[in-house]
Amino acid sequence: MASYSLSGIVERLGGTVIGDAGTVISQVATLERAAPGTISFLANERYLGQLKSTRAAAVILGESFSAVVDLPRIIAGNPYAYFARVSALLNPQPALAAGRHPSAVIDRSAKVAASACIGPGAVIEGGAQIGENVLVGAGCYIGRDAVIGERSRLYAHVTVYHGCIIGPDALIHAGVVIGADGFGIAMEQGQDGGHWLKVPQIGAVRIGRDVEIGANTTIDRGAIEDTVIGDGVKLDNQIQIAHNVEIGAHTAIAACVGIAGSSKVGAYCRIGGASGIAGHLSITDHVEISAHTLVTKSITEPGAYTGAYPFGPNREWRRNAAGLRRLGDLNDRVRALEKSLAEALAVKTKGK
Amino acid sequence: MASYSLSGIVERLGGTVIGDAGTVISQVATLERAAPGTISFLANERYLGQLKSTRAAAVILGESFSAVVDLPRIIAGNPYAYFARVSALLNPQPALAAGRHPSAVIDRSAKVAASACIGPGAVIEGGAQIGENVLVGAGCYIGRDAVIGERSRLYAHVTVYHGCIIGPDALIHAGVVIGADGFGIAMEQGQDGGHWLKVPQIGAVRIGRDVEIGANTTIDRGAIEDTVIGDGVKLDNQIQIAHNVEIGAHTAIAACVGIAGSSKVGAYCRIGGASGIAGHLSITDHVEISAHTLVTKSITEPGAYTGAYPFGPNREWRRNAAGLRRLGDLNDRVRALEKSLAEALAVKTKGK
Amino acid sequence: MASYSLSGIVERLGGTVIGDAGTVISQVATLERAAPGTISFLANERYLGQLKSTRAAAVILGESFSAVVDLPRIIAGNPYAYFARVSALLNPQPALAAGRHPSAVIDRSAKVAASACIGPGAVIEGGAQIGENVLVGAGCYIGRDAVIGERSRLYAHVTVYHGCIIGPDALIHAGVVIGADGFGIAMEQGQDGGHWLKVPQIGAVRIGRDVEIGANTTIDRGAIEDTVIGDGVKLDNQIQIAHNVEIGAHTAIAACVGIAGSSKVGAYCRIGGASGIAGHLSITDHVEISAHTLVTKSITEPGAYTGAYPFGPNREWRRNAAGLRRLGDLNDRVRALEKSLAEALAVKTKGK
């Protein structure tokens, strides 16, 4: 395992050391459970107590906390981002073993870079292009004419349908499905009472550079044009992105979110877990959506938006939910009260 | 790529041409981004502006819009369904290459039609039956005694557990799991504080004809009897259908919906994204459920049902959600006001 | 197929027979659709009508119902748990065929018990340990140094990332992904407007004994320390468990639930379908969460908690949801009314 002195770390990553710059670090840790030889960080005031009792060999702090402990420490403008860089330094990705596993099934017309690693049982169809230093994990399926950009890593059991394009430096986790058909159906009435006709989904999926996609997430191909995921987008697990959605650059989406067809999400948005965006909407840049919120109208102003039901003990919920079912009536009753009272007061005034 | 004149299209699909019937069409397009040689459609008045400026070579219109443009056009009763048929004409499914990939693992007692295409790494267990012109995609797993009806296409990594039956003309996308155990557990108290006993799930899944199932959707096998999906049902991605659910014919379900055990959904229902249906309920035919709605009671009347929290800017939500937590109290206060005012007015009347 | 007399059953499982103890049973059934030779059960008074008309050869009943039918019957303290045991007796899991399929790819440094069954196309990486009588299903991927405890069964296409540990007697359904990276990202501002840095996820997943995991469920590896699933936990399909979550023993979680990072759920909790738990919360033991509820605060008291929007016909919802958007205002109006009325009454009193 790699190890670095604090001075070695700041040489590589910037920041300044306070205390013994020769302190050697071999792993990252949480403040609470740090072992000797580890470095931790404080990004949230809430954990100040843990900072004071940590057994870490060193910590990463923002300037405003530089004096709260005596431990060897690195002062950085953004301690959490700095911590991410230190952890990447101490935990480098294992090098790829270039080559094709003999059990992989690769069409002759596919172009596979010599530096790529094609895992056991992977299937690569005709016309597909696999870039330099790509990992195609065990059992992945890469469809006809699909393109995987250089240095991208696909873990086990990823499916990329025909014609889909994944940019460089992607990280795609197990079970992801890219480019399955969008949900395009047209009801055709008939003597049978009607049935659904399939609308062929002839677009594809285009994914920018430096995108991470979590396990079992699905991104559907476009109906006519493409579904588009911008550069630097980060998608958590079990997200569903429908046909012709466009996600702007550097937007981060938490797990279990569903985005319906043809909606456009701006750049630098943050979408909370299990929230949803209805179809054909447009969300501007820098919008934050809370967890479990259903967005039903376009959003033109940056800011935070919420629509989750406030939870509580079941007996309180029963009472309030019953009130909610009669809220229109309650409103009418208040209006009637206002009118009655105003009339009564008017009569009284007149009476004076 | 196939191409057809407008007259060639109406010969095959019906409808009537206005304008140059010899106009040749080689692909479908959206109104907004149509290239020369394409045909587009108008199904929603909202896009009339795009219709007037489209570069499409021809368009498909309903009768009421037949005169709004000079473009060559096909007039059809249901322009969207007509468009679906035109797209299918121009984008036929690639023909299956019959045969078994040498890396497929097929039990000797499985019956696989000679016209079927069994992809690389697919596994077909003993007693399974694979019909004529079926595609079993790369890495699919077909369990013991499962049946796949003729012309059905299973894309990569589909899992069909033992004994499940899929009708003809199914389209099943990557990562779908059919026939995993339902969530049947019984709490057994004991000196250990209690533990869950598994209830064996001995039913299967039966799927009708012409069913589409989206990527990573799961349909559990029945506890005792079968889980049943009717003819013509269309399921989007990441849907969860629990044991012993029954879905009526031609019902369409959007992504991320969960339907709990033993519930019955009628025919021709439309279930919005990420909505849920609690267990042991019955939903009649022609019911429409909005996105993010939890159905907690049976529905006996056709119509539209909704239960999503209306979203808004976070600061407004805070104020209204706080009110919601006190809604029972507010109701009591209004009742008290009504009583006080009535008493005050009564006193005044008496006093007159 | 196995068959037992009622006396044979109670010998093995306890309970007492009333009626003909020689009645032979070969399968379980529902009360409603029981065929001759089957045994059914009553666990819910609601089905008393079905009990009286059932064609089952015998039934399992609680003591309070022991006299309501004349059928041969077994009286048991917990009829549903007893039924689970009878079904397991009549439907034993098929025996494993020990051995490695020739198409499996097993690293030389992996330790695979001779009694284990390794399915076609399975991949087992270096240093992994596969215990006695384990099933590694078709196409499973077991990462470097992962451990699968004895008697655990992994169905098709399960992915276990490197270093994850699964206890004995697990049942893991198709498409499950254990140990993918948690969603750890840090925003780093820059001249490019900012981008996300990946925080390496160096923890793993540890799963206790006797855990069941439903199809396509995902459990992420820890960011620094491990994600932990306790003994006897039961997870339904399509659940998302984020990094560093801890689930207490014997907790049962229904389908489509999402639990955000670092939250701790106690023992013997029951979490309803599609509900969510926000990050960094703590839920005590014996908590029941209703379906579609978002838990946004820690819960320190056992009990039932709810937060779903009450659904209804769309036109009623429109009216009530509109009221909800003005609920803060309504509260202000009621306060104003209370004040006005109090003043009016005070004036009147004074006036007297």
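The values are calculated or read from the model by the stated rules, or taken from the named source; none is laboratory data. Everything numeric in this text was worked out from a predicted model, so none of it was measured. Note: ideal-geometry Cβ built from the backbone for every residue, glycine included; neighbour counts use all protein chains shown.
Hey, could you check the stretch B:217-231 for residues that are closer than 18 Å to B:ASP285 by Cα and surrounded by fewer than 24 Cβ atoms within 10 Å (Cβ to Cβ) and say which is nearest to the other protein chains (Cβ to nearest Cβ)?
B:ASP231
If you check A:HIS250 against the conditions, is it more than 10 Å from chain B (Cβ to nearest Cβ) and at pLDDT 95 or above? If you could, list the steps in order and put the result at the bottom.
Numbers: more than 10 Å from chain B (Cβ to nearest Cβ): yes; at pLDDT 95 or above: yes.
Yes: the conditions hold for A:HIS250.
B:ALA336 passes all but one of (1) surrounded by fewer than 15 Cβ atoms within 10 Å (Cβ to Cβ); (2) closer than 30 Å to A:ALA255 by Cβ; (3) more than 9 Å from chain A (Cβ to nearest Cβ); which number fails?
Of everything listed in (1) surrounded by fewer than 15 Cβ atoms within 10 Å (Cβ to Cβ); (2) closer than 30 Å to A:ALA255 by Cβ; (3) more than 9 Å from chain A (Cβ to nearest Cβ), B:ALA336 misses just condition (2).
If we scan the stretch B:9-21, do we find a residue that is under 14 Å from B:SER87 (Cα atoms) and either in a strand (DSSP E or B) or among the aromatic types (Phe, Trp, Tyr) (or both)?
no
Which fully enclosed strands (runs of 3 or more DSSP E) of the stretch A:152-241 have 2 or more residues being more than 25 Å from B:GLY139 (Cα to Cα) and at pLDDT 95 or above?
A:185-188, A:195-198, A:227-229
For the structure I just gave you, tell me whether C:ALA267 is surrounded by fewer than 20 Cβ atoms within 10 Å (Cβ to Cβ), farther than 30 Å from B:VAL160 by Cα and in contact with a His (Cβ under 6 Å, 6 or more places away or on another chain).
So C:ALA267 fits the description; yes.
If we keep just the residues of the stretch B:276-286 that are more than 9 Å from every other protein chain (Cβ to nearest Cβ) and buried (at least 24 other Cβ atoms within 10 Å of the Cβ), which is nearest to B:GLY214 (Cα to Cα)?
Among those residues, the one meeting the criterion is B:ILE277.
Within the stretch C:57-89, take every residue that is of a type in the set (D, E, K, R) and in contact (Cβ under 8 Å) with a residue 24 or more places away in the chain and give me the one that is surrounded by the fewest Cβ atoms within 10 Å (Cβ to Cβ).
Step one: filter the stretch C:57-89 for residues of a type in the set (D, E, K, R), giving C:63, C:70, C:73, C:85.
From the residues that got through so far, the ones that are in contact (Cβ under 8 Å) with a residue 24 or more places away in the chain too are C:70, C:73, C:85.
Numbers: C:ASP70: 9, C:ARG73: 30, C:ARG85: 23.
Of everything passing the filter in the stretch C:57-89, C:ASP70 is surrounded by the fewest Cβ atoms within 10 Å (Cβ to Cβ).
Could you run through the stretch B:297-324 and say how many residues are assigned to a loop (DSSP other than H, G, I, E, B) and at the interface with chain A (Cβ under 10 Å from one of its Cβ atoms)? Working first, answer last.
Within the stretch B:297-324, the subset assigned to a loop (DSSP other than H, G, I, E, B) is B:297-298, B:300-302, B:307-311.
Add one more test, that the residue is at the interface with chain A (Cβ under 10 Å from one of its Cβ atoms), and what stays is B:307-311.
Counting residues in the stretch B:297-324 that are assigned to a loop (DSSP other than H, G, I, E, B) and at the interface with chain A (Cβ under 10 Å from one of its Cβ atoms) gives 5.
Give me a count of the residues in the stretch A:295-352 that are farther than 30 Å from A:ASP285 by Cβ and either of a type in the set (A, V, I, L, M) or touching a strand residue (DSSP E or B) at 6+ places or on another chain (Cβ under 7 Å) (or both).
20
So A:GLY126 clears everything in (1) away from chain C (no Cβ under 14 Å); (2) closer than 25 Å to C:PRO120 by Cα; (3) crowded, with 19+ Cβ neighbours inside 10 Å except one condition, right? Which one?
Unmet for A:GLY126, out of (1) away from chain C (no Cβ under 14 Å); (2) closer than 25 Å to C:PRO120 by Cα; (3) crowded, with 19+ Cβ neighbours inside 10 Å: (3).
Mind checking which residues of the stretch A:296-307 are within 19 Å of the chain's Cα centre (by Cα) and more than 16 Å from A:THR251 (Cα to Cα)?
Residue satisfying the conditions is A:THR306 alone.
Residue pairs, Cβ under 9 Å, 6 or more apart or interchain, first in the stretch A:99-117 and at positive phi, second surrounded by fewer than 15 Cβ atoms within 10 Å (Cβ to Cβ) and part of a loop (DSSP other than H, G, I, E, B). List them.
Here the result reads A:GLY99/A:ALA114, each pair linking the stretch A:99-117 to a residue that is surrounded by fewer than 15 Cβ atoms within 10 Å (Cβ to Cβ) and part of a loop (DSSP other than H, G, I, E, B).
Yes/no per residue for (1) part of a loop (DSSP other than H, G, I, E, B); (2) touching a His at 6+ places or on another chain (Cβ under 6 Å); (3) at pLDDT 95 or above; (4) of a type in the set (D, E, K, R):
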residue: C:LEU89; (1), (2), (3), (4): no, no, yes, no
residue: C:ALA95; (1), (2), (3), (4): yes, no, no, no
residue: C:ARG108; (1), (2), (3), (4): yes, no, yes, yes
residue: C:GLY121; (1), (2), (3), (4): yes, no, yes, no
residue: C:ASN133; (1), (2), (3), (4): yes, no, yes, no
residue: C:GLY139; (1), (2), (3), (4): yes, yes, yes, no
